[in-house]
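Have a look at the structure below before the remarks.
Nothing in this text is a laboratory measurement; each read-out follows from the coordinates by a stated rule. What you see is a predicted model; the values in this text were computed from it and never measured. Every residue, glycine as well, gets a Cβ built from its backbone with ideal geometry; the counts of neighbours run over all protein chains shown.
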Amino acid sequence: MKTKIIVIAIATMGLILTSCNSDDDNNCLPDYTGELLEAEEKLVGTWTLTGIEAEDEIDLTDDDTENPSTNLFAQVSDCEKDLIYTFDDARVMKFMVGTTATDCDNETESTSSWKLTGNRLYFVNTCLEFYMDVTFGGINTAFAIESDVVITNVEDEDIETTVTYVYTQI
């Protein structure tokens, strides 16, 4: 199915490589440590993907009907929607893909350390530091991540668009 590009885009979540050291002296970035700041406490808990909205209308469904929509969440499989972040107060973040939906082929789980500075969420994983900008909504019960991606539609055309991924706390 052509929607596999969605999983790749979601899994990368617009993470931007900000520093890397692959020298043989093993000078890895240390994990984040220390007590959470008050502003970081809003992230503690489990967050599940509840929305994928594209700037442009895209048809991902192979249903013999031309029905493009900006609502990509409605067009992807349960396995592709099965994305979960868990943040704990010891600065451990787990990112899980395809672990709760039935019969998912590409189950993935990764663990990182995390910190939140303003609206920028930082991760350290395997000696690399990543970040993504998050926007909080509701009473800090949801956050959104915006990413520029290329998505292949049902007609096998690549479409460059901006996609917003929404996670809701459960």
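What whole number of Å gives the distance from the Cα centroid of segment 28-58 to the Cα centroid of segment 109-142? With segment 109-142 and segment 28-58 each reduced to a Cα centre, they are spaced 4 Å.
Counted by Cβ distance under 13 Å from THR86, the other residues give a net charge of -1, where Lys and Arg count +1 and Asp and Glu count -1.
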